[in-house]
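In what follows, a single structure is set out as structure tokens and then discussed.
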Amino acid sequence: MSTAAIKTAVISQPHCCPWMGYMKLIAMSDVFVILDNVQFEKRSWQNRNRIKGPNGPVFLTVPVVTRGRYEQKISEVEIDNTQPWGKKHLKTIELNYRRAPHYDAIMNEIGPLLEKQWGFLMEFTISVIRTLSGLLRFEPDFHFASNIAAPGGKNEYLINICKQFDATRYISNDGSAAYLDDALFSAAAVKLEFLNYKHPEYEQLFGEFVPYMSCLDVLMNTGPERARELVLTG
């Protein structure tokens, strides 16, 4: 967490069962605003992520209703519950992690989320993010952008959200450097920083280390306390 003198905001699109770098952003923030008011993108991290299997990465995808809804916002996306996706994901996780040292403890927390029937994607996503944050002992204030009135273009919009929460520091992924204007943030007395996450290695199942898996991978293999240390060192 940031020091008491500096209030840090992170504003990010939702990731479904996110990777370690996303969790580092959560760890560094006092206020974490989920951009649920932007357009949903098919085949993106918004409704899927990867775990490690014996033959490489395996996607876990939450099926959603998209037919005829080409410009729907993330907050509007409904889950397609005609497919038994929760049971399928539980089985896939079991097949790939049942020999992991911390499988039982992590599944006690994650399993109930996959057994429940959810209506909207964001309901499921925020529940997973909160559960992972709890396991790692990260405790920012979570907010949805759809509940915040903030005018302006890309830079001004982010700055105005920061101001609503009295945040004087804004952290973004390094991929946003192309369109974020440091001069505009400085003029608004908001310090702009980029994460530049360096993925740490840890012991995994199935041989050679593969980075950028869902945070489930590090939790299953190392447990919450070691996973917390690894997330924070990246």
Residue 159 vs (1) surrounded by fewer than 16 Cβ atoms within 10 Å (Cβ to Cβ); (2) over 27 Å from residue 114 (Cβ atoms): all pass except (1)
Residue count, the stretch 98-128, condition part of a loop (DSSP other than H, G, I, E, B) and closer than 17 Å to residue 47 by Cβ, comes to 4
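Let's see how each residue does on (1) over 28 Å from residue 231 (Cα atoms); (2) under 18 Å from the mean Cα position of the chain (by Cα):
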| site | (1), (2) |
| --- | --- |
| 51 | no, yes |
| 59 | no, yes |
| 71 | yes, no |
| 77 | yes, yes |
| 94 | no, no |
Flagged in the stretch 183-215 as in contact with a Leu (Cβ under 8 Å, 6 or more places away or on another chain) and modelled with pLDDT of 95 or more, in numbering order, are 185, 186, 192, 200, 202, 214, 215
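Within the stretch 191-212, is there a residue that is part of a helix (DSSP H, G or I) and among the aliphatic types (A, V, I, L, M)?
Looking through the stretch 191-212, none of the residues is part of a helix (DSSP H, G or I) and among the aliphatic types (A, V, I, L, M).
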Requested in this report: Inspect the stretch 55-63 for any residue being assigned to a loop (DSSP other than H, G, I, E, B), surrounded by 14 or more Cβ atoms within 10 Å (Cβ to Cβ) and either touching a Leu at 6+ places or on another chain (Cβ under 8 Å) or not hydrophobic (A, V, I, L, M, F, W, C) (or both) and give the result as yes or no.
Outcome: yes
Selection from the stretch 151-183 of residues assigned to a loop (DSSP other than H, G, I, E, B), small (Gly, Ala, Ser) and touching a residue at least 12 places away in the same chain (Cβ under 8 Å) yields 167, 177
Counting only residues in the stretch 79-104 that are over 13 Å from residue 205 (Cα atoms) and in contact with a Leu (Cβ under 7 Å, 6 or more places away or on another chain), the one surrounded by the fewest Cβ atoms within 10 Å (Cβ to Cβ) is identified as 92
Expected output for the stretch 117-134 (first residue crowded, with 16+ Cβ neighbours inside 10 Å, partner among the small types (Gly, Ala, Ser) and assigned to a helix (DSSP H, G or I), Cβ below 6 Å, 6+ apart or cross-chain) is 122/75
Selection from the stretch 213-228 of residues assigned to a helix (DSSP H, G or I) and within 18 Å of residue 104 (Cβ to Cβ) yields 215, 216, 217, 218, 219, 220, 221, 222, 224, 225, 226, 227
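The values are calculated or read from the model by the stated rules, or taken from the named source; none is laboratory data. As the structure is a prediction and not an experimental result, all values here were calculated from the model. Positions of Cβ are generated from backbone atoms using ideal geometry, with glycine treated the same way; all protein chains shown enter the neighbour counts.
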